[in-house]
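The values are calculated or read from the model by the stated rules, or taken from the named source; none is laboratory data. Every value quoted in this text rests on a predicted model; they were computed, and no experiment measured them. FYI the Cβ positions are ideal-geometry reconstructions off the backbone, even for glycines, and counts take in every protein chain you see. Only protein heavy atoms, including side chains, enter the accessible area calculation; ligands, DNA and RNA are left aside. Shrake-Rupley method; radii C 1.70, N 1.55, O 1.52, S 1.80 Å.
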Amino acid sequence: MKQIKMAASDDLEQLAEIELQKEEEEDKEDIPDGPSPPSATTFASDASHPFYDVARHGIIQVAGDDNYGRKLITFSSCCLPPSHELNHRRLLEYLKFTLDQYVEMDYILVYFHYGVRSSNKPSLKWLREAYAEFDRKYKKNLKTLYVVHPTNFIRIVWNIFKPLISHKFGKKLTYVNYLAELRDHLNCDQLSIPPEVIRHDERLRAALKDGPPPSAKAPPPRPPLPSQQFGVSLQYIREKNRAMIIPPVMFQTVTYLKEKGLETEGIFRRSAQVQVIKDVQKLYNLGKPVNFDLYSNVHIPAVILKTFLRELPEPLLTFRVYNQILELLNVESSLRASRCKQIVESLPELNFIVAKYLLCFLHMVSQQSIVNKMSASNLACVFGVNLVWPRQGSIALSALTPINIFTHILIEHYHSVFGSRCPPNQVTP
């Protein structure tokens with residue numbers, strides 16, 4: 001029986017190779033001789049990076065949180081160089097190194113399959129080793145694995161691995177044929193999608209039997225409601241809520257979490273049901289009251305707080321300070337706290353007051369880290385990408401370190417950065 005299974009597996013592997021060769025033949029005019037070099041803003045350009053030899057290719061990217069508090073991580077096959085130029089063992093170690101920073105939180109993997117060729121694909125033996133090394137800690141909090149532009153090769157490989165893969169993990173796999181379908185699940189503007197993948201998607205849609213679907217004109221955006229809380233600026237919220245400087249969503253979630261969430265282990269690491277988050281957002285946007293006690297889940301207000309920050313049109317710490325934060329690595333460690341103080345004091349007054357309120361709360365959370373396991377460092381990994389991002393494009397992987405260091409300092413050294421006293425809960429004009 002074992003020999004029969006091995007023979008069947010060998011047949012599938014041979015079939016997979018045949019399918020890959022056929023796909024290469026079909027795409028030979030489209031696939032360049034090698035991967036396009038990623039731009040300097042999309043990969044770790046620092047030669048001191050422990051995995052610089054792999055990171056410089058831009059294969060793996062961290063795109064921050066989605067709107068429901070889940071970390072987004074992408075793997076782009078078109079960035080894989082020829083196999084003789086890349087140590088695939090190092091690639092696996094780098095993937096684990098990246099995931100290790102986020103696996104305690106809920107996260108999503110997006111795998112862009114386009115660009116796999118005989119010359120650059122990892123071996124099936126490597127894939128088996130990779131799956132074997134991804135133990136429960138990696139699989140538990142993976143919410144979805146999106147496979148974008150799957151081919152027959154992918155489906156055959158999946159059948160090869162099916163006996164090894166648990167039913168529970170298998171349910172997390174979602175095939176996505178076109179980027180438009182991916183947009184139904186994720187905000188693709190957050191993702192760093194290689195230009196080759198975008199061009200491939202355009203060719204696929206153009207090759208549809210009836211031609212590409214007609215591009216329906218998007219209706220003009222509706223003006224925000226007077227009670228709108230999500231997706232509008234701090235200034236808009238301030239103008240519509242004259243009795244408060246702190247946005248109502250932030251005030252109510254922070255107040256609730258101070259009372260009932262400070263001792264919750266892993267607070268801010270968990271996600272919540274997407275539909276529940278959408279329902280709560282709708283209540284806020286309609287100006288209706290929200291009672292978090294009704295949900296019996298302290299992670300819901302935690303996700304709502306992160307979602308509110310992520311949906312601001314301009315980040316709480318503004319676009320202007322993004323490059324200043326990236327330069328923090330050039331500042332001596334002993335001087336970084338004072339530099340962070342200078343940066344936050346340069347914020348517009350409203351942004352400074354709201355940031356002070358939030359960071360005071362996060363400092364309080366970190367003070368309970370013995371119980372909740374959320375140290376200033378852990379909180380920085382969660383909140384850094386929700387406090388600042390570039391005006392254009394997604395956050396580069398190389399930017400995560402300075403952003404996390406900056407956020408860690410704001411939390412750990414709150415009193416020296418913002419002043420000794422926390423702001424009042426309710427700030428009136």
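Residues are listed down the side, and each one gets a yes or a no for (1) open to solvent by 10 Å² or more (accessible area, probe 1.4 Å); (2) part of a helix (DSSP H, G or I):
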position: 301; (1), (2): no, yes
position: 307; (1), (2): no, yes
position: 315; (1), (2): no, no
position: 327; (1), (2): yes, yes
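Residues checked against (1) at pLDDT below 80; (2) closer than 22 Å to residue 198 by Cβ; (3) open to solvent by 10 Å² or more (accessible area, probe 1.4 Å); (4) not in a loop (DSSP other than H, G, I, E, B):
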{"residue": "29", "(1), (2), (3), (4)": "yes, yes, yes, no"}
{"residue": "34", "(1), (2), (3), (4)": "yes, yes, yes, no"}
{"residue": "38", "(1), (2), (3), (4)": "yes, yes, yes, no"}
{"residue": "41", "(1), (2), (3), (4)": "yes, yes, yes, no"}
{"residue": "58", "(1), (2), (3), (4)": "no, yes, no, no"}
{"residue": "69", "(1), (2), (3), (4)": "yes, no, no, no"}
{"residue": "90", "(1), (2), (3), (4)": "no, no, yes, yes"}
For the range 182-192, indicate whether the set of residues that are among the charged types (D, E, K, R) and modelled with pLDDT under 75 is non-empty. yes
Looking at (1) modelled with pLDDT of 95 or more; (2) open to solvent by less than 50 Å² (accessible area, probe 1.4 Å); (3) of a type in the set (S, T, N, Q), which one does residue 271 not meet, given that it meets all the others? (1)
Filter result (in contact (Cβ under 8 Å) with a residue 40 or more places away in the chain and either among the aliphatic types (A, V, I, L, M) or touching a helix residue (DSSP H, G or I) at 6+ places or on another chain (Cβ under 6 Å) (or both)) within the range 102-116: 105, 108, 110, 112, 113, 114, 115, 116
Within the range 278-297, can you find the residues that are crowded, with 20+ Cβ neighbours inside 10 Å and under 23 Å from the mean Cα position of the chain (by Cα)? 280, 281
Which residues, taken from the range 253-263, are open to solvent by 20 Å² or more (accessible area, probe 1.4 Å) and within 23 Å of residue 289 (Cβ to Cβ)? 255, 256, 258, 259, 260
Return only the number of the condition from (1) over 25 Å from residue 187 (Cα atoms); (2) open to solvent by 60 Å² or more (accessible area, probe 1.4 Å) that residue 100 does not satisfy. (1)
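To keep it simple, each residue is scored yes or no on (1) hydroxyl-bearing (Ser, Thr, Tyr); (2) without any contact (Cβ under 8 Å) to a residue 24 or more places away in the chain; (3) within 24 Å of residue 241 (Cα to Cα).
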residue	(1), (2), (3)
290	no, no, yes
304	no, no, yes
315	no, no, yes
321	no, no, no
327	no, no, no
352	no, yes, yes
